[in-house]
Each structure stands twice: as C-alpha cells, then as structure tokens.
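Encoded as structure tokens, the structure appears first; notes follow it.
The values are calculated or read from the model by the stated rules, or taken from the named source; none is laboratory data. Please read all numbers here as calculations on a predicted model, not as lab measurements. Using ideal geometry, Cβ is built from the backbone for each residue, glycine included, and neighbour counts are taken over all protein chains shown.
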Amino acid sequence: MRVAEPDRVERHRLPDRLYHWTMAATVLTLLGTGFLPILGWKFEWVTTHWIAGLVLALLVAWHILRASVWLDFWSMVIGYDDVRSGWRAVGRAFGRTGPLPLKPGKYSLLQKLYHVAIACVVLALAATGILMLLKIDAAVAPQSILVLGPRMGRHLLNP
C-alpha cells in the first residue's frame with residue numbers, strides 16, 4: 001500500500017471503489033431496463049431488472065455493514081461543526097465578513113448532504129423494488145414465501 005502524502009486524504013480504498021463502480025453499473029442497468037421499454041425498445045427486461053435490483057439491495061446492505069463495522073461511520077454523519085461551517089461559507093459567498101469556514105474532515109458538508117440524498121433515494125427504491133419483487137414469479141421470491149406475514153403478503157401478492 002502506498003503511503004499517503006501528509007496534505008492529502010485518502011478518499012476511497014480499492015474495495016470502496018469497486019463497490020461504487022458496481023453500484024453505478026447496477027443503477028445504470030436498472031435505469032435502462034426500467035425506461036427503455038417505456039420508450040418503445042422491445043427486449044426481455046424483467047429478469048435483468050429484478051436481478052440488478054437484488055444486486056443493488058445486496059450492495060447497499062454490504063455497504064451499510066462495512067461502513068458501520070470496519071470504516072469510520074461517523075465521518076459521513078452531518079454534525080454541528082459541518083452546519084456551522086456551511087453557514088459561514090454561505091455568508092461569505094454573500095459578502096458577509098466573519099470567521100472563515102472550518103476546514104472539513106474527510107467529507108465536506110455538501111458531500112455528506114449528497115450522500116444522505118442518494119442513500120434515501122436508493123433505500124426507497126430498494127424497498128419498493130423488494131415489494132414489487134413479491135408480485136412477480138421469480139426464483140428469489142416464490143409466492144409461497146411471505147416475508148411480510150400472511151395478511152400483508154397476501155394483500156401484496158393478490159391485490
């Protein structure tokens with residue numbers, strides 16, 4: 001492993017980069033298989049779509065586990081200093097004087113806000129995708145398995 005320069009922060013290690021590129025490829029696959037049929041492209045998209053969705057859900061679960069156990073989870077959490085520094089930066093952008101914004105740690109406030117937004121979108125998509133997966137006859141979600149209990153599962157499978 002190469003030694004980082006003192007003024008530089010190592011953002012992502014190889015496993016993190018592999019995770020992000022795999023997630024990007026999965027999201028692009030989901031977008032393609034989700035929207036191209038609407039635009040008139042005829043191809044067998046359902047199987048590819050649900051498999052990519054399942055891969056995305058597994059990637060997100062792995063990322064949450066890895067960030068919580070092996071990485072510095074708190075480096076991505078928005079704290080008081082982030083908000084105060086962001087407020088100072090906005091004030092300076094509008095010509096106000098006062099203390100300079102604090103130097104961010106590994107991630108700036110905007111990076112943390114972007115991460116929160118993407119995390120909310122991906123978690124919502126994964127949750128709705130899993131619910132929709134219960135409605136199709138897929139090998140991963142046979143209709144005899146009711147994850148949400150018999151009443152809720154029956155309602156989702158046979159509305």
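Residues are listed down the side, and each one gets a yes or a no for (1) modelled with pLDDT of 85 or more; (2) in the same structural domain as V121 (by TED's automatic domain parsing); (3) among the charged types (D, E, K, R):
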site: L18; (1), (2), (3): yes, no, no
site: L30; (1), (2), (3): yes, no, no
site: G40; (1), (2), (3): yes, no, no
site: V46; (1), (2), (3): no, no, no
site: H49; (1), (2), (3): yes, no, no
site: L59; (1), (2), (3): yes, no, no
site: H63; (1), (2), (3): yes, no, no
site: V83; (1), (2), (3): yes, yes, no
site: R88; (1), (2), (3): yes, yes, yes
message = Given the criteria among the β-branched types (V, I, T), touching a helix residue (DSSP H, G or I) at 6+ places or on another chain (Cβ under 8 Å) and within 26 Å of L30 (Cβ to Cβ), does V122 qualify?
response = yes
remark   = Residues of the stretch 4-21 being under 18 Å from A126 (Cβ atoms) and either surrounded by fewer than 14 Cβ atoms within 10 Å (Cβ to Cβ) or in contact (Cβ under 8 Å) with a residue 60 or more places away in the chain (or both), in sequence order, are H20
inquiry  = Between W45, W87, which is free of Cβ contacts under 8 Å to residues at least 60 places away in the same chain and either closer than 22 Å to L134 by Cα or loosely packed, with under 11 Cβ neighbours inside 10 Å (or both)?
reply    = W45
note = By residue number, the members of the stretch 95-120 that are surrounded by 11 or more Cβ atoms within 10 Å (Cβ to Cβ) and assigned to a helix (DSSP H, G or I) are L109, L110, Q111, K112, L113, Y114, H115, V116, I118, A119
Single match in R17, R96 (criterion: farther than 29 Å from I130 by Cα and not hydroxyl-bearing (S, T, Y)) = R96
Given (1) surrounded by 12 or more Cβ atoms within 10 Å (Cβ to Cβ); (2) among the aliphatic types (A, V, I, L, M); (3) in a helix (DSSP H, G or I), number of the condition L28 does not satisfy = (1)
